[in-house]
């Protein structure tokens with residue numbers, strides 16, 4: 001017979017003439033056969049380490065590219081636009097990989113290499129009104145996605161024929177008709193908010209000094225942030241991968257190595273409703289998921305009402321509200337390619353803020369917690385809210401958690417870890433962190449799992465609305481909410497929040513500044529993933 005751990009879908013063959021044996025003391029099923037899920041089958045393939053074995057060009061404009069979509073469903077097509085300097089590399093090779101575990105290789109080549117002639121493209125200038133930089137490049141390479149491809153995060157490598165240097169284009173492949181236990185949401189909207197390619201992002205620190213006409217009181221020589229940013233441009237970080245290497249890739253490697261039943265989509269898909277959050281028992285908000293539209297927030301809360309588990313494996317979640325708009329002319333037919341974020345300028349510049357009587361006040365692109373505009377503090381969904389930056393410290397198991405006689409935390413999330421009250425996860429508190437707020441929005445049954453000291457050098461970002469805490473602490477929390485909308489994905493929605501951006505650094509050591517991979521972080525993550533889909537806790 002077979003024994004399956006429902007939390008991890010790892011199949012174990014057991015030969016016994018009669019009865020059944022459950023090793024690891026996990027829930028077992030009598031069945032004649034249990035098929036591996038698509039993630040397990042996919043990761044049994046041979047990987048290819050060539051995906052990260054090249055260097056970036058000396059000038060980013062010598063080799064770079066972007067896609068016309070941040071995600072595509074199986075059976076669909078996607079265009080890749082490349083700017084390549086023919087005086088440096090007369091041609092380049094375009095190769096497509098799927099990221100995964102693949103016995104440690106990290107990716108599998110699924111298409112290419114295809115040789116392409118290098119072509120110079122026009123580098124656009126920022127829009128004088130909003131600062132938006134939108135490319136309109138030509139001669140794309142069109143990739144048709146086979147229906148046999150498995151949902152995941154995919155990357156394109158663009159490598160010069162002479163120099164051997166290149167850059168990446170990331171994209172997500174969806175499979176909207178396949179329900180799965182877990183849905184992995186990739187935070188591409190936040191990647192673009194920080195992306196300063198072309199000289200502008202939604203931040204002043206990495207934007208250039210070119211002014212925008214909507215500046216209320218421009219300061220000569222000061223860096224000026226954009227009010228809108230476009231998906232139609234390359235990413236400047238991590239050789240074109242945006243923030244993927246900082247956050248998402250570590251969670252991805254852990255989940256695919258463990259064989260979880262996962263599907264993938266971007267936060268733009270959550271905004272549109274592509275694939276439907278209700279096809280999955282749990283939704284994982286992975287990475288730096290700071291910028292949310294109203295539709296994203298509404299769809300997450302709807303999934304919670306249907307009993308779907310929610311996992312917030314980061315911090316600074318749902319901090320700024322944004323709106324999604326079509327691309328600018330001549331690409332205006334492309335929907336949801338522009339991110340609108342007036343942020344600190346919203347009160348005076350956002351068109352929806354001009355009339356205080358309008359019903360669109362809740363769409364003004366300011367803070368979600370701002371009582372003048374959205375007035376939907378994010379802890380009503382997440383349980384905690386962003387508070388501290390920059391943070392560099394340790395996560396500490398909570399002294400407020402009732403302990404057992406031997407000093408072990410009583411909460412089930414610590415099962416199989418052997419941790420004691422006050423034990424630490426070294427180096428995993430940072431670089432942004434959340435805390436509990438007494439604003440009347442905290443879920444009633446929320447439990448504190450970790451309470452960690454915040455270094456005195458960290459800045460409190462919430463005093464404007466709620467005041468500084470007397471004793472600054474960062475928190476990890478969990479709460480449940482009974483399913484109130486049919487059909488129920490689970491009887492209750494389990495909502496978990498790490499309260500720290502660096503939690504995923506404990507799951508996989510890829511690109512970590514120091515070795516922070518931690519077996520207890522992995523076990524706690526397994527525990528919470530199991531509970532999110534109403535499965536038994538796995539053995540260590």
Failed condition for residue 495, given (1) modelled with pLDDT of 75 or more; (2) at positive phi: (2)
Sort out which residues of region 367-396 are assigned to a loop (DSSP other than H, G, I, E, B), crowded, with 24+ Cβ neighbours inside 10 Å and out of contact with any strand residue (DSSP E or B) (no Cβ under 6 Å at 6 or more places or on another chain), and write them in order of number. 369
Suppose the filter is crowded, with 18+ Cβ neighbours inside 10 Å and not in a strand (DSSP E or B); does residue 437 pass it? yes
The conditions are (1) at pLDDT 95 or above; (2) within 23 Å of residue 202 (Cα to Cα); (3) part of a helix (DSSP H, G or I), and residue 345 fails exactly one of them. Which is it? (1)
In this structure, does residue 298 turn out to be more than 20 Å from residue 430 (Cα to Cα) and either out of contact with any strand residue (DSSP E or B) (no Cβ under 9 Å at 6 or more places or on another chain) or part of a strand (DSSP E or B) (or both)? yes
Of the residues 284, 310, 331, 356, only one is farther than 24 Å from residue 528 by Cα and either in contact with a helix residue (DSSP H, G or I) (Cβ under 9 Å, 6 or more places away or on another chain) or modelled with pLDDT under 95 (or both); which? 356
In the same structural domain as residue 517 (by TED's automatic domain parsing) and surrounded by 24 or more Cβ atoms within 10 Å (Cβ to Cβ): is that true of residue 255 in this structure? no
Could you look through region 41-55, keep only residues that are under 24 Å from the mean Cα position of the chain (by Cα) and farther than 15 Å from residue 152 by Cβ, and pick out the one that is surrounded by the most Cβ atoms within 10 Å (Cβ to Cβ)? 52
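The values are calculated or read from the model by the stated rules, or taken from the named source; none is laboratory data. Given the structure is predicted, the values throughout are model-derived calculations rather than measurements. Please note: Cβ atoms are built from the backbone with ideal geometry, for glycine as well, and neighbour counts cover all protein chains shown.
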